[in-house]
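Report on one structure; see the data block that follows.
Bear in mind that the values in this text are calculations on the coordinates, not laboratory data. Just so we're clear, the structure is a prediction, and the values are computed from it rather than from any experiment. A quick note on method: Cβ atoms are made from the backbone with ideal geometry, for glycine too, and the neighbour counts reach across all protein chains shown.
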Amino acid sequence: MPKCVGCRACELICSYHHRKVFWPSIASIKVTNSGKGKYSVRVFGENHGKRIKCDNCEGEDFPLCVEICPAEVICLSPRGIEVVQI
């Protein structure tokens, strides 16, 4: 099963997709350090504070977070972007 490595590349590419700036706090994805090298990834289906609702990278050929995730934790399903990890 894939495990997030905490690189946060998904947050950076997501914020760039939405606003053309590298500003992780507005991304539709949040990576959290759960301690002892464990990370969790959350995708927001609705606006949440400053965070923008995930639009599955509308206007792109394929969701950018799925393409950039080195651990293959983020995937595209028929329902949209999903996180697959332990």
**Asked** How large is the helix-only mean residue ellipticity at 222 nm for the chain, computed as the sum of -39500 (n - 2.57) over DSSP H runs with n ≥ 4, divided by its residue count, in deg cm²/dmol to the nearest 500?
**Response** -5000 deg cm²/dmol
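Treating only the Cβ of Lys, Arg, Asp and Glu as charged (+1, +1, -1, -1), what charge dipole size does the stretch 9-83 show about its Cα centre? Round to the nearest 20 debye.
Values: 10 positive and 9 negative charges, 101 e Å.
Approximately 480 debye in magnitude.
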**Request:** Could you compute the FRET efficiency for SER77 and LYS50, with r as their C-beta to C-beta distance and R0 at 25 Å, rounded to 0.05?
**Result:** 0.45
**Request:** First select every other residue whose beta carbon is under 12 angstrom from the beta carbon of GLN85; then total the charges, Lys and Arg +1, Asp and Glu -1.
**Result:** +1
**Complete:** With label points set 7 Å from each Cα along the Cα-to-Cβ direction at LYS36 and CYS7, the distance between them in nm comes to 2.5
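Only counting other Cβ atoms within 10 Å, I'd like VAL66, VAL21, VAL5 sorted with the fewest neighbours first.
Working: VAL66 18, VAL21 9, VAL5 14.
Ranking VAL66, VAL21, VAL5 by Cβ neighbours within 10 Å, fewest first, gives VAL21, VAL5, VAL66.
For PRO24, what charge total do you get from the other residues with a beta carbon under 9 Å from its beta carbon, if Lys and Arg give +1 and Asp and Glu give -1? Write down the numbers at each step before the final one.
Values: positive: ARG8, LYS30; negative: GLU11.
For residues surrounding PRO24, the net value is +1.
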**Item:** Using alpha-carbon coordinates, inclination of helix 9-19 to the longest axis of the chain, degrees
**Value:** 10
**Message:** Taking R0 as 25 Å, what FRET efficiency do you get between PHE22 and GLU67 from their Cβ-Cβ distance, rounded to the nearest 0.05?
**Reply:** 0.95
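Can you tell me the relative contact order of the chain? Whole percent, Cα pairs under 8 Å, sequence separation 6 or more.
Values: 153 pairs, mean separation 26.8, N = 86.
Value for the chain: 31 percent.
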**Request:** Match the structure shown to one of the listed values (1) 15.5, 44; (2) 21.8, 59; (3) 11.9, 38 of Rg and Dmax of the Cα atoms in Å, computed from it, and give that label.
**Result:** (3)
**Request:** Filter the GluC sites (Glu not before Pro) in the stretch 11-71 down to the DSSP loop ones having no more than 15 other Cβ atoms within 10 Å, then list what survives.
**Result:** GLU46, GLU58, GLU60
